[in-house]
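Here the structure comes first, spelled out in structure tokens, and everything after it is commentary.
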Amino acid sequence: MVAGITISMFASLLYIVLLRWIAAIMVWSSMVLVYALLGYGTYFCWNERNCIKNREPDCTSDRSSLDYKELASYVKMERTWYISAIVMRTILAILTLVVLLLISFINIFSLFWPIIPFIMQLAFLTFWAFSVIFIASIVEPPYQIVNSDSTDEYTDGASCKPTVSLNGTAECVLIGYNIVPNYIYWLEAYNLVALFWILNFISALGEITLAGAFVSFFWAFTKPDDIKHLPLLRSFWKSIRYHIGSIAVGSLIITIIKLIRFTIQYVEHKVLRNPSGGIYSLLYYWALTITPT
């Protein structure tokens, strides 16, 4: 983890430095790379979903060798690849609309700093998603035996454990999700509050960094002699060194206000349209309102 964070930090710094001289090349190459990754990811997920759906013998998920049997079961589920393909396709469509709206302004971008907070938010969203999965999987999930034949000592539909090896063609796969205790819902709610807080924190950090860079330009008496090198990097360091507490408290206040507002909107929605529902519906409604900036 330390090595990965260090490499990411130096890669980000290199990206910022290169933007100082070849901003246009970096911006357009980044856009092409993002489009290529999203396009290939959508194609791969959809192709893998069709492979599993049609029960083809040579799927990528069948060739994967994961140490964790639980994770391997998710990889072999058709719904996992189906949802992944839809998510990537949606992101690709939104990105295309944004580019079409801003295509006439792309050439004047001298810096592409907003991509850094976006990557940070995306990384935290990935971590948060795994946290949600791990919390939801505290209870033992139901597994059943499939693909057994007459020579096996197992029968289809019998319960099994993914950590126990089976003989013959029998496989132990995840078939659904158990009903979890009530305290799991409150853990998920706590995790959701953390999601709001960290996303707001990253967004505020990016805004203060940009503000500091702009201030260093506008308050320079003699331009460009009084403008220091790497203003974004200097502003980012000052934000971390001197303003990290203010950013944390401010983002917490915004998080509390947003949670109160979304809760009131949810209650109003449930009372006027659908009186039934529970804490899971509230969590789902909150999750739908989160949009990283």
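Assorted remarks:
Matching residues to (1) over 30 Å from residue 12 (Cβ atoms); (2) out of contact with any His (no Cβ under 6 Å at 6 or more places or on another chain); (3) in the same structural domain as residue 135 (by TED's automatic domain parsing); (4) modelled with pLDDT under 85:
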residue	(1), (2), (3), (4)
197	no, yes, yes, no
215	no, yes, yes, yes
224	no, yes, yes, yes
229	no, yes, yes, yes
237	no, yes, yes, no
265	yes, yes, yes, yes
282	yes, yes, yes, yes
292	no, yes, yes, yes
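Here is a yes/no grid of residues against (1) modelled with pLDDT under 85; (2) exposed (fewer than 14 other Cβ atoms within 10 Å of the Cβ); (3) touching a Ser or Thr at 6+ places or on another chain (Cβ under 7 Å); (4) under 22 Å from residue 199 (Cα atoms):
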position	(1), (2), (3), (4)
88	no, no, yes, yes
91	no, no, no, yes
102	yes, yes, no, no
109	yes, no, no, no
124	no, no, no, yes
128	no, no, no, yes
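- Elements of type helices (runs of 4 or more DSSP H) contained in segment 1-65, each with 1 or more residues being exposed (fewer than 12 other Cβ atoms within 10 Å of the Cβ) and modelled with pLDDT of 85 or more: 2-21, 23-53
- Meets criteria (out of contact with any Gly (no Cβ under 6 Å at 6 or more places or on another chain), exposed (fewer than 13 other Cβ atoms within 10 Å of the Cβ) and part of a helix (DSSP H, G or I)) for residue 247: no
The values are calculated or read from the model by the stated rules, or taken from the named source; none is laboratory data. Note that the structure is predicted; figures quoted are calculated from it, not measured. For neighbour counting, all protein chains shown are included, and Cβ atoms are generated from backbone atoms with ideal geometry for every residue, glycine included.
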